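As structure tokens, the structure follows; a few thoughts come after it.
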Amino acid sequence: MLKTEAPISSPAALHEQRNVLESIATTEAINAILKPALATESVTTAEQKLNAEEASRLAFETDGDANQQAGRLSEIASELTELGDATSHRLLDLIPHSTDGGNGLCLVNPLPWKRTEIIEWPKTDALPAASSAIEEAREQNQAIQLQVNVPAGGFAWLTESSPDRPSISLAKPKGKPLADELLLRHQIFEVELSEKTGGIASVTFHNQRSNRVSQQVAFRYDNSKTFTVDGQEITTSYAAPQMISSRVTDAGPMNAAIETTSQIMDVVTGELKATFRQTVSLQRNSSRLHVRTEFDDVPFAPVGNPWMTYYAARFAWEDESASITRGMLGQARGFRGERFESPDYVEVS
């Protein structure tokens, strides 16, 4: 199995397409409720193809190498993209709206819970009309950013303002920027990035003193290495990164992001293992912290058992007695291992 399937990216890509399919199925269900005559079998056909691909891998069938498997999944992903566009357009046609009300946006939420998202209003359109779905509106980077509530399994329809529909009021900028050098902040917590590794040094909530979580990218050796620092021998299983630069890519007031560029060097030979960029971002009024890591240069790919030597994001937290839960098949499951695997989430409580 290790020789025929990419061990990390392949299951992740399968799970991603499963989520896309479920979103399309929910949107199609909304269409069928609004107009049963429009119900189609297209979702069932797409599901059968994805099920067959998943089943062949779970049965350890060597149906082609990793590239061929990726090619088949890419074809499924293209079909799902086309199906998603068609399903969304059918829903758009079913929702009553005025043809002379100007341009607008229809935001559909296929998930069974309310979502709050920040979207960018089209620059070519007039300001949107005031709506109960719009919580806040601010200008950032010469664009209008809207914080919008979209109901569970429903939609929010936003239109341009008109003489009989007054426009929203833009909030005035005030307070400190959301991003400054190696610090991200908003009214919920502060995120300090490490000037040494470029990773997350600490996440501190305003009403607490303790650090919630730290993170860094590292390379794991297949065998531990020993090196000397100031006459003291140190044994480690990981080569840690060294930050070489950082820049604020967005400072707010709705979105903020800091990008760091780091190198991973071998602790013994000083050989370059990888160069990567990590972007840490947050949104105003949201408790979520987004981390995106992109490798620009990997001169020597890991060789050997992929579960023993790899590039990884390492996380650390203060409380050793914390309860660790991972999402499996839509349910929360306890876990006590050292390496976490979950298609949905890992929670440290």
Check your understanding: So how many residues does segment 132-158 have that are outside any strand (DSSP E or B), at pLDDT 90 or above and open to solvent by less than 40 Å² (accessible area, probe 1.4 Å)?
Key -> 1
Check your understanding: If you scan segment 301-330, which residues turn out to be under 20 Å from the mean Cα position of the chain (by Cα) and at pLDDT below 85?
Key -> G327, M328, L329, G330
Review point. What pairs come up if the first residue lies in segment 75-87 and is in contact (Cβ under 8 Å) with a residue 24 or more places away in the chain, the second is open to solvent by 80 Å² or more (accessible area, probe 1.4 Å), and their beta carbons are under 8 Å apart, counting only those six or more places apart or on different chains?
Key: I76/K49; E79/K49
Review point. Residue check: is T124 surrounded by fewer than 18 Cβ atoms within 10 Å (Cβ to Cβ), in contact (Cβ under 8 Å) with a residue 60 or more places away in the chain and not acidic (D, E)?
Key: no
**Study point:** Identity of the residue in segment 30-58, open to solvent by 50 Å² or more (accessible area, probe 1.4 Å) and farther than 30 Å from Q69 by Cβ, that ends up farthest from the chain's Cα centre (by Cα)
**Key:** A37
Exercise for review: Any chance you could count how many residues in segment 182-211 are within 19 Å of R284 (Cβ to Cβ) and among the charged types (D, E, K, R)?
Suggested key: 3
Review point. Does T260 satisfy being assigned to a strand (DSSP E or B), open to solvent by 60 Å² or more (accessible area, probe 1.4 Å) and either within 20 Å of R339 (Cα to Cα) or of a type outside the set (G, A, S) (or both)?
Key: no
Exercise for review: Count, please, the residues in segment 148-169 that happen to be over 28 Å from the mean Cα position of the chain (by Cα) and aliphatic (A, V, I, L, M).
Suggested key: 1
Review point. Going by the structure shown, is N211 under 30 Å from K174 (Cβ atoms), in a loop (DSSP other than H, G, I, E, B) and over 24 Å from the mean Cα position of the chain (by Cα)?
Key: no
Review point. Picking from S245, S321, S287, which residue would you name as being open to solvent by 40 Å² or more (accessible area, probe 1.4 Å), free of Cβ contacts under 8 Å to residues at least 40 places away in the same chain and more than 22 Å from E195 (Cα to Cα)?
Key: S321
Check your understanding: Which residue pairs have Cβ atoms closer than 8 Å, lie 6 or more positions apart in sequence or on different chains, and pair a first residue in segment 27-50 that is touching a residue at least 12 places away in the same chain (Cβ under 8 Å) and at negative phi with a second residue that is of a type in the set (D, E) and open to solvent by less than 60 Å² (accessible area, probe 1.4 Å)?
Key -> T40/E28; S42/E28; V43/E28
Study note, to complete from the structure: Among A218, A201, the single one that is surrounded by 15 or more Cβ atoms within 10 Å (Cβ to Cβ), of a type in the set (A, V, I, L, M, F, W, C) and either in contact (Cβ under 8 Å) with a residue 60 or more places away in the chain or not in a strand (DSSP E or B) (or both) is A218
**Study point:** Meets criteria (hydrophobic (A, V, I, L, M, F, W, C), open to solvent by 60 Å² or more (accessible area, probe 1.4 Å) and in a strand (DSSP E or B)) for V268
**Key:** no
Revision key, fill the gap. In segment 229-240, anything within 24 Å of P302 (Cα to Cα) and surrounded by fewer than 10 Cβ atoms within 10 Å (Cβ to Cβ) is listed as T235
Point to revise | Subset of segment 271-284 that is crowded, with 16+ Cβ neighbours inside 10 Å and over 16 Å from the mean Cα position of the chain (by Cα) - its residue that is farthest from E192 (Cα to Cα) | key: K273
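The values are calculated or read from the model by the stated rules, or taken from the named source; none is laboratory data. On a predicted model such as this, the values are computed, not experimentally measured, just so you know. Using ideal geometry, Cβ is built from the backbone for each residue, glycine included, and neighbour counts are taken over all protein chains shown. Keep in mind that these areas ignore ligands, DNA and RNA; they rest on the heavy atoms of the full protein, side chains included. Shrake-Rupley method; radii C 1.70, N 1.55, O 1.52, S 1.80 Å.
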